[in-house]
Amino acid sequence: MTDYRAPASALPRSTRRFVSPLDISITASATDTVVTVSGEIDLGVSDDLRRALDEELRFTPAALIADLSAISFCDSSGFTVLVQIRTKAEEAGVPFIIVTQERALLRPMALLGLDAVFIVHPTLDSARDALVR
């Protein structure tokens, strides 16, 4: 894969891709911004995830959803990024939701007590339904 080099402003706001060892795609709408990530999150790619989420948070979306349904591994650097983004989102008044059913994420979250910190939904539809309530 090639490096992500084009500035985000060079791509349409509605859909963008970050190219890294992680596959990161972003879809923005009036109701939410979904950052869909697949692969493994470790120290080598956690900065890519941080940049993608930080950039979308700067747009102050109605809600920021991290769809991590296709993540097969996440180390402490990945969880650190998610905690930091959650804090920034809260400060900005933007709901931050994680979508996953993957044990590779849910088990460490539970062990670290992060299941009490994050809003987690099993599907993108359930996350979006929770936003309209």
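Please treat every number below as a calculation from the coordinates, not as lab data. Quick caveat, the model's predicted, so the values are computed rather than measured. Note that each Cβ is placed from the backbone with ideal geometry, even for glycine, and that neighbours are counted across all protein chains shown.
Worth pointing out:
- Cα pair distances exceeding 20 angstrom across region 13-132, given as percent: 34 percent
- Cβ-derived FRET efficiency at R0 35 Å, Arg107 paired with Arg133, nearest 0.05: 0.80
- Net charge contributed by nearby residues that have their C-beta within less than 9 Å of Ala127 (K/R +1, D/E -1): -3
- The alpha carbon centroids of region 28-42 and region 106-133 are separated by 14 Å.
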